[in-house]
Amino acid sequence: MAPSEQQTQEPDDPGGGVVRTFVRNGVEIEIQPYSEEDTNNFSAHGSHGPAHPKETHSDKAASGGKSKASSSLGAAASPPRDESLGATIITEIQQAEYICLVCTGEIDQDSKVWSCQECYRVYDLECIKDWAIRGSSTSKTNKAWKCPNCKFESKKLPSKFTCWCGKVRNPERNLLMPFSCGSLCNYKYLDCIHRCLEPCHPGKHPTCGATGPVMKCQCGKEKRQLPCLITPYKKGWKCESECNKVLCDLKHKCNKGCHSGACGKCQKKVDYKCYCGDTKLRGRCSKRVPIKCVGIDGKKSWIGGGSCGKRKKYYYDCGEHYKVLECQPPPDKLEVSKCKFSPDVITTCYCGKTEMSNGLNFEKRTRCTDPVPECDNICNKLLPCGCHCKFKCHAGECRCVSIFAITCACGHEQFSVPCKYAQSDQRPHCRHKCSALLSCRKHYHRKECCEFEQVALERERAKKKAIRNNLKTNVRDDIMSIEAAHICTQVCNRTKSCGVHQCQAMCHSGPCEVCLESTNDDLVCHCGKTVIPAPVRCGTELVCHEQCTRLKECGHPPERHECHSDNESCPKCTAFVMKPCDCGAKVDLPGIMCSQTRVSCGKMCQVPKKCGHPCLRTCSAKCTKEGVHAAPRDCQNMCQKVRLSCPHTCKLKCHLDKVGKSVNCDIVKCNENVTIGCACGNEKKKKQVKCGASVDNATAIGTILECDESCAAAKRDAQLRNAFGIDGAAAASSAIAALDESDSLYSDFVVETYAKQKKWCCNIENVVRTFIEDYNLQIENDIESPKRTHHFPAMTLPQRQYVHELCTAFGLYTESQDQEPRRSVFIVITRLTKLPSATVGDYLEMLELKKQEQSQVKELTQQEIDDALYNAIVIQDLFFGVTKEDIERELLQKEEMKDFVIQWIKESTFVLFNPANFKSMDADSEKQLSTLVSSFRTVLREKSLAFDCKMCLVDYSASYLLKIDRKSSRESSEPASSIAKKNQDKNTFNVLQNEEMSMQS
């Protein structure tokens, strides 16, 4: 029995038996004992008719019949029985004509069946079981499936073959009623107390036609019995009597009539006085709260029913002060007899810490109107909030001014708030947005100051920890543990697997449910040989294995392939034809597939873009026909533009018209290596540094280092090596050779290359000279930024070497850049730049002239050399650091030596001669030279300028020593260069010793 039912027993009625009474849904129901008269009445009324299990008995249209009942107790006509559904099922099964909707096969008496309890459709057991497991309506998430006929969803798999009522498993064969057990159906109706008394049957249950139980009215004063079909089980029935129960102290009665439950409060409106007695009020009787009130004088009394809301003054005995009270029974006379400000009542200051009798500065109060003195102490009274008053002793109410630091709702920020706000249930809100994931695992909450953020983050940490520990988690438990604020309420709106419809469920994790949409049209392939009859579920793919019959637009025979939908295209045509290329350069390219739309001849567009780089599109119609070339923003070439701050090229990718990049190449510092050195050309001081040029920094090219002691040491070391003829002297003195005016202007490679390619070399030299002259002209004209750099076009390695060595003679800085075959040379004017006195051509002529003179010297016979007179004085083996100027200052300062000159021959060897007569010497001139040798030797040794000086014979160009005045004739006959080398002793002391011996002799 349900909890809402209460059963009682009453004494036996006159007919015998026990009368049972119970309350159902708030309605008292009485069941009379069984009698034969009731049985006869039941037979007269007929048996049950068919009814849907979920239908109510008040729904007469669904049962197929109509019933009428009068408001008074009377007999009801039995409704006709509708046996169409059950009879049809039995008849078709007996005749083996009932069709299973799953397999479309016939069901007979030997089949094992299952019946849907919603629509009563009968299916073959194996078919409906397979449909529930693998059918198109089966959900992949909760394994629920739907009836093919009524789409009623169920999670229980049909696995048992039972009779129609479900009591007997595997029922015996029944020819009269197939699959029936023969017992009573005994189905319990949902809306009444009776059961179905039909034998085990298919289809709907008949409508209950029995007589209902005896029911009391809602107030319980009367009883009635109606047919079960119209018996009001839920609402009950009402009699025509009044309730008349007393509701209040004023003896008001209930006038609701027959009703169930309590009568409720009295709703009658009455007039009554307020508590203070000044106002008459009118309201519902149940709203009164009666209180006996007596006037302050004790003479007048009344019954007050409520408050009028007014405030009333009650004066003390002083007549000055009063007490204000809201509407309430008047106070006792003793309460207002003595003034609360009387000196007898108030004996302390306002805070209560100082007695008036102890206060030195307090004036004595004699009346209640005298002011109460204030002390200098802090009030410190305990406030209702728990704090203490921080004001000085004062009159009036205390108020709290405390400030507390509390956290916001999410706990992310702290705020300073007054005590009143802190005592309330409110919390300040910060601007921090919640970072918790919603239940869909795709969206974030993002609500400002979410109070559940920390809870969500802790839940996520626990979930990750469980995953790390390989603990299994239930998806349902995870969903149920999510806070309500973090449940995503958005619509999913993702496209389902069918690709047409969108998921209308709430945003969720994982895949969407399968699409349940369907169409009533048959699904037919293009060739018409494969058909899927309706209904066709959305997303169903039609697979036809017949050959496709579509024709190609080009007219070529189609390739063999299976039939497909219109969304798929046929295989491309593979026939080879001749087609023109896209750019139009070639009109008859052979071997092109018919379906190929992009035909390229491989030719690249070389038209420069705005950035200066070529377009480089491969065979494009946009370039040739439309004239639209690639945009600079898509250029991937290296910039390669010459920087403004230095002669190097930009090593960045093309940055013209690029978002976030400057057009200026000098915005980035140059990282190329450059070579710098000192003015003397010391190789040891040369070093590699970064160029460093940018918008704000100048380039390091042309930087001249200051010469230091190492440069002077290198120069002395070179002179020492030359003096002693030590190996490697030539290599060591190469850094100093450029300082000597008599050294060669150009290298041997430059001279040899010029001799082979005069025209090209002359053009290069003219370019260099013109460049330097233009620079000098710009300097003379005071131009602010004269051009200091020049870039040559790309050259081969020998050509670049010629430019490097040629520009070295001009004192220019040279450097090669780029990669082969675009490697080129640029030159930069520095502080050491100069114009050589002779061009390469002039220098080549001078060399040829010297060669002719050398050949003439070689043609002289030894006899002619021996017979020739000495015409010069040779000064050999200069001391370290002695220069030509030092010798001229000591030897040519006399008047008789003003016509003589000193000329360098080689290494530390000089010659002194008279240019006017050294080509036509006589005996007197030779004797004069002999006299000068003796005096010069003394001066050279005393001044520590050189080791020795002797008479010699030089050629007419004063460049070669033909013979030296020595004792041995063999030495004089040898060439001058070999004579000097052999005469040089490796030991300096031996040289000095030989010289002294020769002087003594």
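The values are calculated or read from the model by the stated rules, or taken from the named source; none is laboratory data. Just so it is clear, the structure is predicted and the values come from calculations on it, not from any experiment. All Cβ positions, glycine included, derive from the backbone under ideal geometry; neighbour counts span all protein chains shown.
Brief remarks follow.
- Set 670, 650, 654, 665: member being assigned by TED's automatic domain parsing to the domain that holds residue 702, touching a Gly at 6+ places or on another chain (Cβ under 9 Å), without any contact (Cβ under 8 Å) to a residue 40 or more places away in the chain and surrounded by 15 or more Cβ atoms within 10 Å (Cβ to Cβ): 670
- Scanning the range 285-329 for residues that are surrounded by fewer than 13 Cβ atoms within 10 Å (Cβ to Cβ), under 30 Å from residue 263 (Cα atoms) and in contact with a Lys or Arg (Cβ under 8 Å, 6 or more places away or on another chain) gives a single hit, 303.
- Unmet criterion (only one of (1) among the hydrophobic types (A, V, I, L, M, F, W, C); (2) modelled with pLDDT of 90 or more; (3) loosely packed, with under 13 Cβ neighbours inside 10 Å) for residue 659: (2)
- The listed residue being under 30 Å from residue 239 (Cβ atoms) and more than 60 Å from the chain's Cα centre (by Cα), out of 188, 216: 216
- Flag for residue 713 being farther than 25 Å from residue 649 by Cβ and modelled with pLDDT under 90: yes
- Test: residue in the range 432-449 that is over 27 Å from residue 507 (Cα atoms), modelled with pLDDT under 90 and surrounded by fewer than 14 Cβ atoms within 10 Å (Cβ to Cβ): no
- Test: residue in the range 633-645 that is under 25 Å from residue 907 (Cα atoms), surrounded by 14 or more Cβ atoms within 10 Å (Cβ to Cβ) and not basic (Lys, Arg): no
- Leading residue by the ranking (surrounded by the most Cβ atoms within 10 Å (Cβ to Cβ)) among those in the range 451-487 that are part of a helix (DSSP H, G or I) and touching a helix residue (DSSP H, G or I) at 6+ places or on another chain (Cβ under 8 Å): 486
- Inter-residue pairs, beta-carbon under 7 Å, first closer than 15 Å to residue 478 by Cα and in the range 429-445, second of a type in the set (Val, Ile, Thr) and surrounded by fewer than 17 Cβ atoms within 10 Å (Cβ to Cβ), 6+ apart: 438/487; 439/479; 439/487
- Enumeration of residues in the range 618-671 that are of a type outside the set (D, E, K, R) and assigned to a strand (DSSP E or B): 618, 638, 642, 649
- Selection count where residues are part of a strand (DSSP E or B) and more than 30 Å from residue 123 (Cα to Cα), scope the range 196-211: 1
- Some residue of the range 871-886 being part of a helix (DSSP H, G or I) and touching a residue at least 12 places away in the same chain (Cβ under 8 Å): yes
For every residue, the table says whether it meets (1) in the same structural domain as residue 698 (by TED's automatic domain parsing); (2) out of contact with any helix residue (DSSP H, G or I) (no Cβ under 9 Å at 6 or more places or on another chain); (3) under 30 Å from residue 639 (Cβ atoms).
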site: 768; (1), (2), (3): no, no, yes
site: 779; (1), (2), (3): no, yes, no
site: 782; (1), (2), (3): no, yes, no
site: 796; (1), (2), (3): no, yes, yes
site: 818; (1), (2), (3): no, yes, yes
site: 824; (1), (2), (3): no, no, yes
site: 830; (1), (2), (3): no, yes, yes
site: 852; (1), (2), (3): no, yes, no
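- Which numbered condition residue 794 misses (of (1) assigned to a loop (DSSP other than H, G, I, E, B); (2) without any contact (Cβ under 8 Å) to a residue 24 or more places away in the chain; (3) surrounded by 13 or more Cβ atoms within 10 Å (Cβ to Cβ)): (2)
- Residue match in the range 839-857 (condition: in contact with a Leu (Cβ under 6 Å, 6 or more places away or on another chain) and either exposed (fewer than 15 other Cβ atoms within 10 Å of the Cβ) or not polar (S, T, N, Q) (or both)): yes
- Residues considered: 602, 612. Of these, the only one that is loosely packed, with under 13 Cβ neighbours inside 10 Å and among the small types (Gly, Ala, Ser) is 602.
- Residue that is touching a residue at least 24 places away in the same chain (Cβ under 8 Å), among the small types (Gly, Ala, Ser) and assigned to a loop (DSSP other than H, G, I, E, B), where the choices are 920, 837: 837
- Residue satisfying all of: in the range 414-447; under 34 Å from the mean Cα position of the chain (by Cα) and among the hydroxyl-bearing types (Ser, Thr, Tyr); nearest to residue 389 (Cα to Cα) among these: 435
- Among the residues making up the range 140-196, those that are of a type in the set (Val, Ile, Thr) and more than 30 Å from residue 512 (Cα to Cα) are 162, 168, 193.
- Residue within the range 212-233 that is surrounded by 16 or more Cβ atoms within 10 Å (Cβ to Cβ), in contact with an Asp or Glu (Cβ under 8 Å, 6 or more places away or on another chain) and either in the same structural domain as residue 292 (by TED's automatic domain parsing) or in a loop (DSSP other than H, G, I, E, B) (or both) present: yes
- Answer residue from the range 191-212, given it is among the small types (Gly, Ala, Ser) and in contact (Cβ under 8 Å) with a residue 40 or more places away in the chain and is farthest from residue 234 (Cα to Cα) among those: 203
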